[in-house]
1. Of 74, 139, which has the most accessible area and how do the rest follow, probe 1.4 Å?
2. Using a Gaussian network model of the chain whose springs link C-alpha atoms within less than 10 Å, name the residue from 158, 71, 87 with the highest mean-square fluctuation.
3. Please list the non-local residues whose amide H lies under 5 Å from the amide H of residue 128, H modeled 1.01 Å from N, same-chain partners needing a gap of 5 or more.
4. Using a 10 angstrom Cβ neighbour count of at most 15 plus a DSSP loop assignment to flag exposed trypsin sites (Lys or Arg not before Pro), which longest range of the chain is free of such sites?
5. How large is the charge dipole for the chain, taken about the Cα centre, if only the Cβ atoms of Lys, Arg (+1) and Asp, Glu (-1) carry charge, to the nearest 20 debye?
6. Where the eigenvalues come from the Cα gyration tensor of the chain, what are the semi-axes √(5λ) of the equivalent ellipsoid, largest first, in whole Å?
7. Output ³J(HN,Hα) for the range 89-103: one whole-Hz value per residue in order, computed from phi by the Karplus curve 6.51 cos²θ - 1.76 cosθ + 1.60 with θ = phi - 60°, and x for Gly and Pro.
8. Return the calculated 222 nm mean residue ellipticity for the chain, to the nearest 500 deg cm²/dmol, obtained by summing -39500 (n - 2.57) across DSSP H runs with n ≥ 4 and dividing by the residue count.
Amino acid sequence: NVSRKMLSVVRTLDVPSLRRGIRRQYRVRRIDLVPPVKVLDSFFHAHPDFEVLADGKIRSREQLDYRLLLGDVERVFVEVLESSPSGMMDRTELEEAVTTRGVNPNTFAVFTSYSPILEHPAVNAWCLCGHQVDPAKLEALRGILASRTRQRRTVAYGWEADGRLSLATVIGDRGLDCIFCQD
């Protein structure tokens, strides 16, 4: 089922890409028992629903439509990333585009961690599984990210008079200060 979801987003994928997606999906359940590439390759060769192409890539024998196989949240990710000229987005841009379409920020965080249809080709860069990353566009994205200032989360820290450690930090994007003291 996970392979079918991935192949509904992109028509063909190699076995290592499928394995990465399957591992992402099952990480949420803390299951790291995804078979090795050779075992998965044998599975796809033997399973009647999949076709192994001459270049070793896997394709579903039936035409899959992501709009029918994916849930609402993953469909939003597909539509947002497909609308990007480079097919990639940085985390802030992706989160804004996805949450503007009604996805909760916490749900966004979960899906960027565990969805098999997403790939994370570089720090702070996201694309759909199977997307051929253009190195020049990735470098341009890195340049844009390097020019941005990062929000400072830790505002202050130190020791209280009674010997407790205190920490003031910004939580979320609402700018809430929170002070924690530990004995």
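1. 139, 74
2. Per the Cα network of the chain with a 10 Å cutoff, 158 tops the list.
3. 119
4. 102-147
5. Approximately 320 debye in magnitude.
6. Each semi-axis is √(5λ); the values are 38, 20, 15 Å.
7. In residue order, the calculated couplings are 8, 7, 4, 5, 5, 5, 4, 4, 5, 6, 6, 4, 8, x, 7 Hz.
8. Mean residue ellipticity at 222 nm (helix-derived): -13000 deg cm²/dmol.
The values are calculated or read from the model by the stated rules, or taken from the named source; none is laboratory data. The structure presented is a predicted model; accordingly, all values stated were derived computationally and were not measured. Note that we place each Cβ from the backbone using ideal geometry, even for glycine, and neighbour counts take in every protein chain shown. Heavy atoms of the whole protein, side chains included, go into the accessibility calculation; ligands, DNA and RNA do not. Shrake-Rupley method; radii C 1.70, N 1.55, O 1.52, S 1.80 Å.
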